[in-house]
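The values are calculated or read from the model by the stated rules, or taken from the named source; none is laboratory data. Remember, it's a predicted structure, so these values are computed and weren't measured experimentally. Using ideal geometry, Cβ is built from the backbone for each residue, glycine included, and neighbour counts are taken over all protein chains shown. Accessible surface is based on the protein model in full, side chains and every heavy atom, while ligands, DNA and RNA are left aside. Shrake-Rupley method; radii C 1.70, N 1.55, O 1.52, S 1.80 Å.
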Amino acid sequence: MIVIRITASLINAAAVILGGGIGVLFKGRIPEKVTQNIPRAIGLCVCVIGVSGAMKGDVMLLVVSLALGAFIGEVLNIDGGLNKLGMWLQKKLSRGSEGSRFSEGFVAATLMFCVGAMTIVGSIDSGLRNDNSIILTKSVLDGVSAMFFASFYGFGVLFAAVVIVIYQGGIEFFAGYMQNILTDALITQISAVGSVMILGIGLNMSLNAKIKVANLLPGLLFAAGYYYLFLK
């Protein structure tokens with residue numbers, strides 16, 4: 001029964017695994033001259049996606065949410081914790097290969113695929129109305145993105161599929177209980193904060209900015225709180 005309720009999320013996860021798997025096959029087989037420029041080009045495209053989404057949000061909400069989120073994220077060291085998880089998975093699955101970008105790929109792909117309006121709205125539509133059109137469209141986009149991400153970051157990108165099943169599938173499964181909470185206006189503001197994080201991923205890819213994007217994750221919760229306190 002649960003599988004039936006989260007079918008769209010399982011399809012999305014499968015698309016990420018398929019696309020990521022293709023990307024992994026090409027990793028290391030493309031000439032260095034090409035591999036140096038392709039991630040920068042992809043990173044610039046990711047920046048555009050991030051900027052376009054962030055512009056839809058309230059400016060003060062973005063500033064307050066991300067500032068508080070960054071503070072909490074640094075105190076909790078979320079980035080470090082996710083990196084440790086990634087390194088542990090790397091040792092288990094890639095036999096401890098040095099220089100792997102496993103954990104970085106896992107974090108970047110998870111944020112890219114799970115933060116955004118399509119994730120929330122698509123999951124609610126699937127769970128409430130059995131309308132999988134948004135999630136299926138997202139699956140195609142995520143599959144293509146996973147291919148390019150995996151060709152740059154490696155095997156860690158594939159593990160974003162697990163988070164998709166848990167997070168996106170959870171929204172899909174409990175959509176009936178969340179429809180009155182996740183309003184269109186709230187989704188817009190949360191997605192705008194997430195888009196700033198996606199911009200950070202793009203800057204890391206294109207300029208090697210070394211922004212600890214995972215430490216900004218608490219900003220998503222602060223965005224919801226700010227919305228209910230000041231904007232609703």
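Would you list the helices (runs of 4 or more DSSP H) that sit entirely within the stretch 67-177 and hold 2 or more residues that are over 28 Å from Cys45 (Cβ atoms)?
On the way: elements: 78-93, 102-114, 117-129, 133-153, 160-163, 169-173.
Passing ranges, in order: 78-93, 117-129, 169-173.
Yes/no matrix, rows are residues, columns are (1) at pLDDT 85 or above; (2) among the aliphatic types (A, V, I, L, M); (3) more than 27 Å from Ala13 (Cα to Cα); (4) surrounded by 15 or more Cβ atoms within 10 Å (Cβ to Cβ):
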residue: Met60; (1), (2), (3), (4): yes, yes, yes, no
residue: Gly73; (1), (2), (3), (4): yes, no, no, yes
residue: Lys84; (1), (2), (3), (4): no, no, no, no
residue: Gln90; (1), (2), (3), (4): no, no, no, yes
residue: Arg95; (1), (2), (3), (4): no, no, no, no
residue: Phe113; (1), (2), (3), (4): yes, no, no, yes
residue: Thr119; (1), (2), (3), (4): yes, no, no, yes
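Sort out which residues of the stretch 152-176 are over 10 Å from Ile124 (Cα atoms) and modelled with pLDDT under 90, and write them in order of number.
Phe152, Tyr153, Gly154, Phe155, Gly156
Go through (1) without any contact (Cβ under 8 Å) to a residue 60 or more places away in the chain; (2) open to solvent by 50 Å² or more (accessible area, probe 1.4 Å); (3) hydroxyl-bearing (Ser, Thr, Tyr) and name the single condition Thr188 misses.
(1)
State which residue is most open to solvent (accessible area, probe 1.4 Å) when the search covers only the stretch 191-217 and only residues that are in a helix (DSSP H, G or I) and of a type in the set (Val, Ile, Thr). I'd like the intermediate steps shown before the answer.
Going through the stretch 191-217, the residues in a helix (DSSP H, G or I) turn out to be 191-207, 213-216.
So of that shortlist, the ones also of a type in the set (Val, Ile, Thr) come out as 193, 196, 198, 201, 213.
On the way: Val193: 0, Val196: 38, Ile198: 10, Ile201: 5, Val213: 9 Å².
Once the filter is applied, the top-ranked residue is Val196.
Within the stretch 139-151, work out how many residues are modelled with pLDDT of 90 or more and farther than 19 Å from Gly202 by Cα.
Matching residues across the stretch 139-151 total 1.
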